[in-house]
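**Student:** Have a look at the structure that comes next, please.
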Amino acid sequence: MTSVLRLVALAMVMCLCFGCNKKDSPIDQREKVYRALLLDGNRLMKKSKYKRATDLFSQAISKEPEKAEGYLNRGIAYLCMERYKEGLLDFTKAIQKDPALAIVYANRGIAYDHLGQHKEALSDYQKALALDPEIGKGPGFMEKFLYNKPKAPNLRERAGLLENTLRTQQAIENGRNPLQEDH
């Protein structure tokens, strides 16, 4: 009889520790599918299969529309395909979901930059750097897009170049010589 009680006690302890026939809740299942779709999409991105990656990221977004990561990843895929307006929309949506992600501002700045909206690009670059001063340093994914711009090895330097360009444009518009310093 005591061996039966020991087995029952052991079974109860195992149930408490590891769960008894515990199935994932629908929310847990949705999260797992979401993560798997993002992972598969990122694998496709590494193989330069951007269109297929956007399809997976879109599926991920449909599973978890309140999470920023799906929009961020799809936006990056759009940047890779030079579909800057679509990327811009996704980055904006990601910022609405999580305004503390520096990487989203940096990528939206890149989209603005390619669309010729330099004031907006500068603003987003500055916001990204304020949130994470280390962002954009060294060779990385973002630099792939910034290297296409004149003499911009990193995000901080691109922001500085844009700031100088915008000051020069403003001086010309105001009828001043951009080479003279304001006193």
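**Student:** Among the numbered criteria (1) of a type in the set (A, V, I, L, M, F, W, C); (2) at pLDDT below 95; (3) buried (at least 16 other Cβ atoms within 10 Å of the Cβ), which single criterion is violated by residue 27?
**Tutor:** Unmet condition: (3).
**Student:** Now a separate question. Return the residues of the stretch 85-104 that are part of a helix (DSSP H, G or I), touching a helix residue (DSSP H, G or I) at 6+ places or on another chain (Cβ under 6 Å) and at pLDDT 95 or above; say none if nothing qualifies.
**Tutor:** Across the stretch 85-104, the qualifying residues are 86, 87, 88, 90, 91, 93, 94, 95, 97, 104.
**Student:** Could you tell me whether any residue of the stretch 56-68 is surrounded by fewer than 16 Cβ atoms within 10 Å (Cβ to Cβ), assigned to a helix (DSSP H, G or I) and of a type in the set (Val, Ile, Thr)?
**Tutor:** For the stretch 56-68, residues surrounded by fewer than 16 Cβ atoms within 10 Å (Cβ to Cβ), assigned to a helix (DSSP H, G or I) and of a type in the set (Val, Ile, Thr): absent.
**Student:** Evaluate the stretch 113-129: report whether one residue or more is in a helix (DSSP H, G or I), surrounded by 12 or more Cβ atoms within 10 Å (Cβ to Cβ) and modelled with pLDDT under 70.
**Tutor:** No, every residue in the stretch 113-129 fails to be in a helix (DSSP H, G or I), surrounded by 12 or more Cβ atoms within 10 Å (Cβ to Cβ) and modelled with pLDDT under 70.
**Student:** Out of the residues in the stretch 110-129 that are within 14 Å of residue 156 (Cα to Cα) and without any contact (Cβ under 8 Å) to a residue 24 or more places away in the chain, which is farthest from the chain's Cα centre (by Cα)?
**Tutor:** Looking at residues that are within 14 Å of residue 156 (Cα to Cα) and without any contact (Cβ under 8 Å) to a residue 24 or more places away in the chain, I get 123.
The values are calculated or read from the model by the stated rules, or taken from the named source; none is laboratory data. The structure displayed is predicted, hence computed values, not measured ones. Positions of Cβ are generated from backbone atoms using ideal geometry, with glycine treated the same way; all protein chains shown enter the neighbour counts.
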